[in-house]
Amino acid sequence: MKVSATEVDLRCGWLRSCTLPSVGSCQKGQALPSPTGAQPGGIHIPKTIDNDLVENDHTPGFPNAARFVSQAFAGANLDNAALPGIYIGVVMGRHAGFLTTSSALGKKFPDDGPHLIYLPERAFKLDRFLSEVKAAYERHSRCVIAVSEGIQDAKGHSIAEVLAKDIKRDEHGNVQLSGSGALADLL
């Protein structure tokens, strides 16, 4: 069994508390026997940028990630205004659309993008999406769209999974949603 330096420190009673990278690590650390009999303490501070934890105003990392998304879409909007077309930006958020919603924070003028925002909290309908894109394009002669990677249909099926022929899964068995650009290509 491989033992980390933190576990050695906890087992030997050298540490009373430490920063551990996950809830699982905190639970492991608290379960380790201590020669002094003192129970090591652990506090887990979530480091998710999705801002999807209850009983929080925001999670550490979210404000910076939201600022990045906002600035990225402000830049995409300027590019799209100079070279009109349809731009689809896929943003992290398997079950929460906080980051995708922040894409609108960089809007300065009413015709700035994103013109359409799609979140996993609302059922995605492909026919409605196509008609809304067409309407936005006709209104602005271009269209910037922000889409959460986890958009799903009314039955809770991932749109990426519904539209794709070859589904890739991560090491936890979840559908690989981000990092490949596949969802934007499929839409």
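When Rg and Dmax are taken over the Cα atoms of region 62-186, they come to 14.3, 43 Å. Computed over neighbours whose Cβ is under 15 Å from that of Lys168, the net charge equals -3, Lys and Arg +1, Asp and Glu -1.
Which whole-number percent gives the relative contact order of region 62-186, counting Cα pairs below 8 Å spaced six or more residues apart?
28
Past the 29 Å Cα-Cα mark, which pairs from Lys107/Lys155; Lys134/Lys165; Lys107/Lys168; Lys125/Lys168? From the list (Lys107/Lys155; Lys134/Lys165; Lys107/Lys168; Lys125/Lys168), the Cα-Cα distance tops 29 Å for Lys107/Lys155; Lys107/Lys168. Region 157-171 and region 81-120 have Cα centres spaced 22 Å apart.
Full extension from Leu83 to Lys108: what is 0.36 nm times the residue separation minus their Cα-Cα distance, to one decimal in nm?
Extra length from Leu83 to Lys108 when fully extended: 7.1 nm.
Taking other Cβ atoms within 10 Å as a rough exposure proxy, Ser102, Ser148 sort from fewest to most as Ser102, Ser148.
Computed over neighbours whose Cβ is under 10 Å from that of Tyr87, the net charge equals 0, Lys and Arg +1, Asp and Glu -1. Maximal additional length on extending the Ala154-Lys134 stretch stands at 5.0 nm, based on 0.36 nm per residue less the C-alpha distance.
Between the amide H of Gly93 and those of Glu149, Gly150, distances stay under 5 Å, these residues lying 5 or more places away or on another chain, with hydrogens modeled in the peptide plane.
The ranking of Lys107, Lys155, Lys125 by Cβ neighbour count inside 10 Å, starting from the fewest, reads Lys155, Lys125, Lys107.
None of the figures in this text is laboratory data; all of them are computed from the coordinates on show. A quick note: this is a predicted structure, and the numbers were derived from the prediction, not measured. For neighbour counting, all protein chains shown are included, and Cβ atoms are generated from backbone atoms with ideal geometry for every residue, glycine included.
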